[in-house]
1. Checking the condition open to solvent by less than 80 Å² (accessible area, probe 1.4 Å), at pLDDT below 95 and under 12 Å from the mean Cα position of the chain (by Cα), which residue from Leu55, Leu15, Leu25, Leu35 passes?
2. Residues of the stretch 1-32 being among the aliphatic types (A, V, I, L, M) and assigned to a loop (DSSP other than H, G, I, E, B), which ones?
3. Mind listing whichever residues of the stretch 33-47 are more than 19 Å from Glu14 (Cα to Cα) and part of a helix (DSSP H, G or I)?
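The values are calculated or read from the model by the stated rules, or taken from the named source; none is laboratory data. Given the structure is predicted, the values throughout are model-derived calculations rather than measurements. Each accessible area value is taken on the protein alone, full model and side chains, heavy atoms only, with ligands, DNA and RNA left out. Shrake-Rupley method; radii C 1.70, N 1.55, O 1.52, S 1.80 Å.
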Amino acid sequence: MKQRLKERRMTQSELSRKTGYSRHLISHYATRRTLMSPEAMRTIAYVLRCDMESLYEWVWSDQ
């Protein structure tokens, strides 16, 4: 998410205002302390104009 914010030249505070999520929660999402719900991913991806999948780095495992 940090990379997408940088690409859009948007701060976490701006994202907070545009999504309605608290700055605290956006900070936790950006630092991966809290995982986004599918609804939060959809909302944030819409505001950042990106795919939901690009908000995280996905690592696939054979397990």
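1. Numbers: Leu15 fails: at pLDDT below 95; Leu25 fails: at pLDDT below 95; Leu35 fails: open to solvent by less than 80 Å² (accessible area, probe 1.4 Å).
Being open to solvent by less than 80 Å² (accessible area, probe 1.4 Å), at pLDDT below 95 and under 12 Å from the mean Cα position of the chain (by Cα) holds for just one of Leu55, Leu15, Leu25, Leu35, which is Leu55.
2. Keep residues of the stretch 1-32 that are among the aliphatic types (A, V, I, L, M), which gives 1, 5, 10, 15, 25-26, 30.
The answer is Met1, Met10.
3. Pro38
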